[in-house]
Structures are given as structure tokens and as C-alpha cells.
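What follows is a short report on a single structure.
The values are calculated or read from the model by the stated rules, or taken from the named source; none is laboratory data. What you are looking at is a predicted structure, and each value in this text was computed from that prediction instead of being measured. Note that each Cβ is placed from the backbone with ideal geometry, even for glycine, and that neighbours are counted across all protein chains shown. To get the accessible areas, we keep the full protein, side chains included, count just its heavy atoms, and leave off ligands, DNA and RNA. Shrake-Rupley method; radii C 1.70, N 1.55, O 1.52, S 1.80 Å.
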Amino acid sequence: MTDSQPSFVHPETASGLPSEPPAALDPGLLAALAEAADALPDWAESLAPADRLDGDLALDESEFAVLDVLLRERFGADLGALRAGLDVAGLAALTVGDLAELVRR
């Protein structure tokens, strides 16, 4: 693993500093998160860009694997590659907003 983060992982998120409010989250991304977490769609509607995938949403490795497949199918985004390039702190700091940026690319 490397200490550097990809350019679309927000450094202010990793540092714990508040970030500016981003644009609304993609409904397809929210649906993928709800499906991966085996949660009701209403759950996903309450998500915020600053929510951490690990700490706040408590996604486990099997849920990350499902999310990776869904993001590849729906957006052509590679969550596995993103996570592989992060160190432990970067993995812990990965947010819904980071996923939104990943799927926008």
C-alpha cells in the first residue's frame, strides 16, 4: 500500500476537517449503497457525503465486494482499485462523497 491518496479522495475528509457541502448524491450511487448494505432505500436517502464507509456505515468486506461489483456494472468505477491504493488511514477515511467523485469520473 501507499501513503498517497488518489486525487479524488478528498484530503480534507482524510484529515478530519469539514468539507464544503457538495452537490446532491447520485440516486444510482445511493441505490448501489443500499443494495450492497442490504438496507432499505430510505436508509440510503439519509446518507451524507461525509459519511465514512467503514466507520459510519459499518460496511464489511462482503458488502464492499458487492458494492465494487455494482459500481463496476452501473458506473464503470473500480472501487477495488481505489481501496488497493490507500493505506489504513485512507481506507478508514473513505467517504460516500469519495464514492460520488469516483462514479463521476
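See the values below:
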| read-out | value |
| --- | --- |
| Search result, residues across region 54-69 that are outside any helix (DSSP H, G or I) and within 16 Å of ALA100 (Cβ to Cβ) | ASP56, LEU57, LEU59 |
| Output for region 23-49, where each listed residue is part of a loop (DSSP other than H, G, I, E, B) and either closer than 22 Å to GLU73 by Cα or open to solvent by less than 70 Å² (accessible area, probe 1.4 Å) (or both) | ALA24, LEU25, ASP26, ALA37, ASP38, ALA39, LEU40, LEU47, ALA48, PRO49 |
| Of all residues making up region 70-105, the number that are surrounded by 15 or more Cβ atoms within 10 Å (Cβ to Cβ), in a helix (DSSP H, G or I) and among the β-branched types (Val, Ile, Thr) | 2 |
